[in-house]
Amino acid sequence: MQFKNIFKFHGGVHPNGNKSLSTSLPIGRLPIPKKLVLPLRQHVGRVAKLKVKPGDQVLKGQIIAEADGNVSASIHAPTSGKVLKISEEILPHPSGLPDFCITIEPDFKDTWIEKKPISWKKLDRTELIEALSQSGIVGLGGAVFPTHMKLRINQSQPINTLVINAAECEPFITCDDMLMRERADEIIQGALIAQTILGAKECVVGIENNKIEACEALKKAAQKTAIEIKVVPTVYPSGDAKRLIYLLMGIEVPKEKRSMDLGIQVFNVATVAAIYRYLELGEPSISRVVTITGAVKAPQNYEALFGTPLSELIIAAGGSPNKTKKFIMGGPMMGFDLPSIHVPVTKAMNCVIESSPELFPAPKPVMPCIRCARCADACPVNLQPQELYWFSKSSQLEKAKDYNLFDCIECGCCTYVCPSNIPLVQFYRYAKSEIIAQEKSKEAANTARERNEFRLARIEREKKERAERHAQKALGANEKQADDEKKSTIAAAMERVKQNQQENIKT
Amino acid sequence: MITALLVMIFLAVLLGLILGYSAIKFKVDGDPMVARIDAILPQTQCGQCGYPGCKPYATAIAKGEADINQCPPGGDTGAKALAELMGVEFKPLNQEHGLQKPKSVALIDESTCIGCTLCIQACPVDAILGAAKQMHTIIASECTGCELCLPPCPVDCITMEPVLENSQSWKWKYPVYNIQNTTGA
């Protein structure tokens, strides 16, 4: 296949796609489960503010937790029913730690709250962004950053290009692929809306050449529009936003800058489809397409309500024939093992893979690093993974930072090619979270220092003020009779004793 | 001979003037060493080192009066950082000053609190909220876990609660894996 105007980035790998496993069947619909568990934190930013209490009746699409501030997203009831409880439940997070969730018991009537489509063509940009801040839409590619924040633009740098990310480069994941095949119109309409809001001159869809049907569907839907569908070669990690920008435009987003600073904004296909559904149909973000694949009997994509227990999804996919019961969320390159099969479907959950010894054999024993630098050849960010490995392994965090550890996108290419089977990315994740924790505690220490200094200054000031008051009192007393003078000396002595006592307590 | 002498004298005077001027112009207020040591200390303000706070301890270290291993909240890592900064040999934490404990915050049992304000006066970072004969409470986000509020409390209603890991403060752990046995044994 010929690629026109494509700029190949450095590195990358070609893992076995395994995508056909889950593309033979259309997107299925799950029955409404017996309960829905909705975490309050499903997005990047501040946790949503609770709007319901146990026992409340809610309608489908009703806001049950509201966005708190700008960088936050609302959460809507995925179906009608009763709020059962608000409690800490285990989340689909590598930590396996619980966090606050709203549990809804559906009434199986699925009654919608009054849908309010927004005539977006009549509203101006700020009004639209304001409206979208209630939509609960976050980046559905996995980054879960509130979408309305990405539509804000600063005056100094207008957006020229809107990139729609349809690459879906991770093996096994097909949720975007299926969405494009079945709902290409929604995606194109959503892209046009996003383009209008951003005021972008052009809109490019970047799609990998392994998704032929999806590409055809998109091309058909985009026939009468100015949207360009650009096919990019299948190389992991082409779906990383900055890699995709390079592939499509040959522009490298510099370190510590966002693509927005260069006039480029990137949205995932599912995100723009959600924008379309919210504005045109009045449907907030209450469900998403999830791929359930791997060792399950019938791998397929499902439109699942947020909060659906993963166990229901597994049952729908024919159950798991093997006994390992290990499930990976995300792809095999960047995903993580789920702590339990009872975790809910969240906005970030694009794919669940049942692991089995045949698909993912146990990792081979780790051998020492021989500095072959294959990882450096594979790194799409042009880092020196072998150096980062040494510094992370020996906890030389400052050094690791100097070698641009924080530019690492944790794509796993280095781990994939390492002939010594070293879990390199795990070391980088460890080093990154250690550095972040240290910075946080440094910040806390600075606050404590400030507060302590303020307190000492305040005590000093109070002491001075008291001394002044006494001096003034003493002056007034002098003019009076000797009796009063005696009294004041006693009072002053008492005050001194008190002060001494207080000082004794303090020291 | 005379010319050489004159040149040397002229140079000496000129350099002296420059040095004298820069000594006044670029004078550094305070001891920068104290600030650098203070930046390493954890700012718990607990006084376990024997000084009434982190800054006094930093001053004492800078003067050479105190050792670098007297800070239990800083632990061995803190002592290491201080040793590196001061250019001295690392010493493990002197356990006479206390053991390094996991980070905790104070918690007031509000039903027992009598509102005596003694803990408020003891808190080095103003992290306790309350007034006379009113219930007190700890502002957990500001509490450094120094335990200074424990001894003054007449009803022993303050306990230290270790800060547990939650999904926000969770960290990726150091990777642990099997290595290949190459000896054949």
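The values are calculated or read from the model by the stated rules, or taken from the named source; none is laboratory data. For clarity, every value in this text was computed on a predicted model and none was experimentally measured. Reconstructed Cβ throughout: ideal geometry from the backbone, glycine too, with neighbour counts over all protein chains shown. All accessible areas refer to the heavy atoms of the entire protein, side chains included, with ligands and DNA or RNA removed. Shrake-Rupley method; radii C 1.70, N 1.55, O 1.52, S 1.80 Å.
Consider A:ASN452 carefully, then state whether it is touching a strand residue (DSSP E or B) at 6+ places or on another chain (Cβ under 9 Å) and within 14 Å of chain B (Cβ to nearest Cβ). Can you show your working first?
Numbers: touching a strand residue (DSSP E or B) at 6+ places or on another chain (Cβ under 9 Å): no; within 14 Å of chain B (Cβ to nearest Cβ): yes.
Criteria not met by A:ASN452.
Being open to solvent by 60 Å² or more (accessible area, probe 1.4 Å) and under 30 Å from A:GLN42 (Cα atoms): is that true of B:GLN168 here? Full working, then the answer.
Working: open to solvent by 60 Å² or more (accessible area, probe 1.4 Å): yes; under 30 Å from A:GLN42 (Cα atoms): yes.
So B:GLN168 passes the test.
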(message) Only one of A:PRO299, A:PRO284 is in contact (Cβ under 8 Å) with a residue 60 or more places away in the chain, farther than 21 Å from A:GLU168 by Cβ, open to solvent by 10 Å² or more (accessible area, probe 1.4 Å) and touching a helix residue (DSSP H, G or I) at 6+ places or on another chain (Cβ under 9 Å). Can you tell me which?
(response) A:PRO284
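Being assigned to a helix (DSSP H, G or I), in contact with a Lys or Arg (Cβ under 6 Å, 6 or more places away or on another chain) and more than 9 Å from chain B (Cβ to nearest Cβ) narrows it down to one of A:PHE391, A:PHE406, so name that one.
None of the other options fit; the residue is A:PHE391.
Of the residues B:ASP156, B:ASP126, only one is of a type in the set (Asp, Glu), modelled with pLDDT of 90 or more, more than 23 Å from the chain's Cα centre (by Cα) and in a loop (DSSP other than H, G, I, E, B); which?
Working: B:ASP126 fails: more than 23 Å from the chain's Cα centre (by Cα).
The unique qualifying residue is B:ASP156.
When you go through A:GLY96, A:GLY81, A:GLY69 one by one, which is the residue that is out of contact with any helix residue (DSSP H, G or I) (no Cβ under 6 Å at 6 or more places or on another chain), open to solvent by 10 Å² or more (accessible area, probe 1.4 Å), over 15 Å from A:SER285 (Cβ atoms) and away from every other protein chain (no Cβ under 14 Å)?
Values: A:GLY96 fails: away from every other protein chain (no Cβ under 14 Å); A:GLY81 fails: open to solvent by 10 Å² or more (accessible area, probe 1.4 Å).
When all the criteria are applied, what remains is A:GLY69.
Which residues, counting only those in segment B:64-108, are in a helix (DSSP H, G or I) and under 25 Å from A:PHE454 (Cβ atoms)? Can you show your working first?
As a first pass, look at segment B:64-108 and keep what is in a helix (DSSP H, G or I): B:75-86, B:95-97.
Within segment B:64-108, just B:GLY78 meets the criteria.
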(request) Determine if segment A:27-37 includes at least one residue that is open to solvent by less than 50 Å² (accessible area, probe 1.4 Å), under 22 Å from B:GLN168 (Cβ atoms) and in contact with a His (Cβ under 9 Å, 6 or more places away or on another chain). (result) yes
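Okay, residues lined up against (1) within 30 Å of A:LEU359 (Cα to Cα); (2) surrounded by 24 or more Cβ atoms within 10 Å (Cβ to Cβ):
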| site | (1), (2) |
| --- | --- |
| A:LEU151 | no, no |
| A:LEU162 | no, yes |
| A:PRO171 | yes, no |
| A:ARG183 | no, no |
| A:ILE188 | no, yes |
| A:ILE193 | no, no |
| A:GLU202 | no, no |
(message) Given the options A:LYS442, A:LYS473, name the one that is within 54 Å of the chain's Cα centre (by Cα), open to solvent by 80 Å² or more (accessible area, probe 1.4 Å) and either away from every other protein chain (no Cβ under 11 Å) or of a type in the set (D, E, K, R) (or both).
(response) A:LYS442
(message) Go through segment A:10-39 and report how many residues are in a loop (DSSP other than H, G, I, E, B) and out of contact with any Ser or Thr (no Cβ under 8 Å at 6 or more places or on another chain).
(response) 10
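Can you tell me which residue within segment B:129-143, out of those that are outside any loop (DSSP other than H, G, I, E, B) and aliphatic (A, V, I, L, M), is most open to solvent (accessible area, probe 1.4 Å)? Reasoning before the result, please.
Let us first name the residues in segment B:129-143 that are outside any loop (DSSP other than H, G, I, E, B), namely B:129, B:137-138.
Checking which are aliphatic (A, V, I, L, M) leaves us with B:129, B:138.
Details: B:LEU129: 104, B:ILE138: 28 Å².
Selected residue: B:LEU129.
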(request) Hey, could you check segment A:380-395 for residues that are under 29 Å from A:LEU244 (Cα atoms) and either touching a His at 6+ places or on another chain (Cβ under 8 Å) or in contact (Cβ under 8 Å) with a residue 24 or more places away in the chain (or both) and say which is most open to solvent (accessible area, probe 1.4 Å)? (result) A:ASN382
(message) Please go through segment A:211-228 and give me each residue that is open to solvent by less than 70 Å² (accessible area, probe 1.4 Å) and under 23 Å from A:PHE172 (Cα atoms), ordered by number.
(response) A:LYS211, A:ALA214, A:CYS215, A:ALA217, A:LEU218
(message) So, in segment B:133-165, exactly how many residues are farther than 26 Å from A:VAL47 by Cβ, touching a Ser or Thr at 6+ places or on another chain (Cβ under 6 Å) and within 14 Å of chain A (Cβ to nearest Cβ)?
(response) 1
(request) Name every residue in segment B:13-35 that is under 15 Å from the mean Cα position of the chain (by Cα) and away from chain A (no Cβ under 13 Å), in order of residue number. (result) B:MET33
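In this structure, does A:GLU460 turn out to be away from chain B (no Cβ under 12 Å), within 30 Å of B:LEU129 (Cβ to Cβ) and not small (Gly, Ala, Ser)? Full working, then the answer.
Details: away from chain B (no Cβ under 12 Å): yes; within 30 Å of B:LEU129 (Cβ to Cβ): yes; not small (Gly, Ala, Ser): yes.
Yes: the conditions hold for A:GLU460.
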(request) Could you pull out the residue among A:SER441, A:SER433, A:SER420 that is without any contact (Cβ under 8 Å) to a residue 60 or more places away in the chain, part of a helix (DSSP H, G or I), among the hydroxyl-bearing types (Ser, Thr, Tyr) and more than 30 Å from B:LYS55 (Cβ to Cβ)? (result) A:SER433
(message) Taking the criterion of being over 19 Å from B:ILE40 (Cβ atoms), away from chain B (no Cβ under 14 Å) and more than 20 Å from the chain's Cα centre (by Cα), would at least one residue in segment A:417-432 satisfy it?
(response) yes
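Please specify each residue of segment A:339-361 satisfying the condition of being open to solvent by 20 Å² or more (accessible area, probe 1.4 Å) and touching a residue at least 12 places away in the same chain (Cβ under 8 Å). Talk me through it step by step, then tell me what you get.
Restricting attention to segment A:339-361, the residues satisfying the condition of being open to solvent by 20 Å² or more (accessible area, probe 1.4 Å) are A:339-342, A:348, A:350, A:357-361.
Listed by number, the residues that qualify are A:PRO339, A:SER340, A:ILE341, A:HIS342, A:ALA348, A:ASN350, A:PRO357, A:GLU358, A:LEU359, A:PHE360.
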(request) Please state which one of A:ILE102, A:ILE90 is closer than 23 Å to A:ALA348 by Cβ, buried (at least 19 other Cβ atoms within 10 Å of the Cβ) and away from every other protein chain (no Cβ under 14 Å). (result) A:ILE102
(message) Tell me whether segment A:3-14 contains one or more residues that are touching an Asp or Glu at 6+ places or on another chain (Cβ under 8 Å), crowded, with 18+ Cβ neighbours inside 10 Å, within 30 Å of A:ILE212 (Cα to Cα) and at pLDDT 90 or above.
(response) yes
